[in-house]
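Please read the structure below before turning to the comments.
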Amino acid sequence: MTIEEISQIITADLKIDRMNLVDESSRTPNLFTKYLAMFQEEKLKLKAAKRKYFSLYKSRREFYLGTAPEEDYREEANERKVLRQDVEIWLDADNKLQNQQDKVSYQECIVDMLERTMKEINSRTFHIKEMIAMIRFESGG
């Protein structure tokens, strides 16, 4: 799922129907369960993306140090001699690593969004209680 798709789902799910607060209150546990499952799934994707990044980091480091397997050099030639102290500079500028880091960052944003949504769902009953109190106050009771 993309951030935009998740954002649309969250916006639709977190709306509170002021005319039907009892049903909204009973929906809260189901919403929490739904977003907890989404959170766990996306968190696992984040862990997989991080594992892939670290594996790629290791192979790219070996590539620049000249210790990678021969087939890596057949696929992509490294014609420059990279000094050990300069390897980090080359790794920072490596397109393959940058692309994977972008995927990790994107997945971190999704996980953060879902975590914040779950916190909002936890406070949902308080918001509903306050709405009921406001309706009582407005009706003079």
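Details
- Degrees between helix 3-13 axis and first principal axis of the chain (Cα, 0 to 90, nearest 10): 10 degrees
- Modelled FRET efficiency - R0 41 Å, R18 with E41, Cβ distances, 0.05 increments: 0.80
- Dmax and Rg, reported as Rg then Dmax, of the range 6-83 (C-alpha, Å): 24.1, 71
- ³J(HN,Hα), Karplus 6.51/-1.76/1.60, whole Hz, each residue of the range 86-102, x for Gly, Pro: 9, 4, 4, 4, 5, 5, 4, 9, 6, 5, 5, 5, 4, 4, 5, 5, 4
- Cross-link partners for K43 among the aspartates and glutamates, with Cα-Cα distance under 15 Å and sequence neighbours closer than 8 places in the same chain left out: E108, D112, E115.
- Of the labelled figures [x] 56, 29, 22; [y] 89, 39, 21; [z] 81, 23, 18, only one reflects Cα extents along the principal axes in Å as derived from the coordinates, namely [z].
- The angle separating the long axis of helix 21-65 from the principal Cα axis of greatest extent in the chain is about 10 degrees.
- Looking at the range 78-134, the pairs of alpha carbons with a distance over 18 Å make up 63% of the total.
- The relative contact order of the chain, computed from alpha carbon pairs under 8 Å that lie at least 6 residues apart in sequence, is 42 percent.
- Selection of GluC sites (Glu not before Pro), the range 20-99, meeting DSSP coil and at most 11 other Cβ within 10 Å: E76, E79
Just so you know, all these numbers are worked out from the coordinates, no wet-lab data involved. Keep in mind the model is a prediction, meaning the values are calculated, not measured. No Cβ is skipped: glycine too gets one built from the backbone with ideal geometry, and neighbour counts run over all protein chains shown.
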